[in-house]
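What follows is one structure encoded as C-alpha cells, with my remarks underneath.
The values are calculated or read from the model by the stated rules, or taken from the named source; none is laboratory data. As the structure is a computational prediction, the values presented were derived from the model and not from experiment. All Cβ positions, even for glycine, are placed from backbone atoms using ideal geometry, and neighbour counts span all protein chains on display. Just the protein is used for accessible areas: all its heavy atoms, side chains included, with ligands, DNA and RNA removed. Shrake-Rupley method; radii C 1.70, N 1.55, O 1.52, S 1.80 Å.
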Amino acid sequence: VIKSKIHNKINLINKIMKITHFGASTIIVEHRNKRILFDPWLDDGIVYGAWYRWPPSEVKPEQVGKLDYIIISHIHEDHCSAGTLRHLDKNAEIIIMDRKPNFVKKFLDYNKFDFKKIHLIKPYEIRKIFSDMFVSFVEADEANYFSFVVDSGIILKTDEKVLYNSNDCLPTAKAIEFIKKNF
C-alpha cells in the first residue's frame, strides 16, 4: 500500500509542467524530468552590441545546466543568441521548423554548434518528442514575406496542457484554425 501511494504521488508530480521565465522569450519548460529551453538569449550586447536585457538576467548561459531540447523559433538574436548557445549543454537536441531557406539551420552550421541532433519539423506537423510531449510549429503571415521566411509560432502539448509560444509571430487565421482543430 505504501509503495502504491508513493508511486501515485510520483506519477502526479511527473505530470506537472513547470515553466520558468528568464525574460524576453527565453523560458524553460520542465516536464517528466526533461528540460526544454525556448529561444535562448541570456547574454548581453546582441545586435552589434546595442541590445541589453532589462532587467539584467540573473542567470548566465553557463548556469542553465542540463538540457534535453532547445527549441528556436527564429534567427533574431533575441531568440537565438550565439553568445548564449555557445555555453549551453551540447547534449541537447535542437528543434526548429523545417523551412526553405532555413536561416536557423544555416546559423547553427555557420557557428559550428555541435549539438547532439537537429530535428526539422514541418509547419503544421505534430511530432512526438518524448513520452506525452508533442511539438508543432505554425508559420507567420504569408503577406509579410520577411516575417514568413523567418518566424514561427511554437506549440507544446502534453496529455494535460497546451502551451502556445507566439514569439514575434502573430497567429494567422490558418494557425488559429490548426490550433483549434488539434489542440
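Please pick out the residue among Lys112, Lys174, Lys181, Lys128 that is open to solvent by 50 Å² or more (accessible area, probe 1.4 Å), in a loop (DSSP other than H, G, I, E, B) and modelled with pLDDT of 95 or more. Steps first, answer last, please.
Numbers: Lys174 fails: in a loop (DSSP other than H, G, I, E, B); Lys181 fails: in a loop (DSSP other than H, G, I, E, B); Lys128 fails: in a loop (DSSP other than H, G, I, E, B).
Being open to solvent by 50 Å² or more (accessible area, probe 1.4 Å), in a loop (DSSP other than H, G, I, E, B) and modelled with pLDDT of 95 or more holds for just one of Lys112, Lys174, Lys181, Lys128, which is Lys112.
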Residue check, His119 against (1) in a loop (DSSP other than H, G, I, E, B); (2) open to solvent by less than 60 Å² (accessible area, probe 1.4 Å); (3) at pLDDT 95 or above; (4) not aliphatic (A, V, I, L, M), all met but one. Which one?
(1)
Filter segment 152-171 down to the residues that are at pLDDT 95 or above and surrounded by 20 or more Cβ atoms within 10 Å (Cβ to Cβ) and list them by number.
Ser152, Gly153, Ile154, Ile155, Leu156
Go through (1) open to solvent by 70 Å² or more (accessible area, probe 1.4 Å); (2) modelled with pLDDT of 95 or more; (3) among the hydrophobic types (A, V, I, L, M, F, W, C); (4) farther than 25 Å from Tyr48 by Cα and name the single condition Phe103 misses.
(4)
Residues within segment 131-171 that are charged (D, E, K, R) and either more than 24 Å from His21 (Cβ to Cβ) or in a helix (DSSP H, G or I) (or both), tallied
3
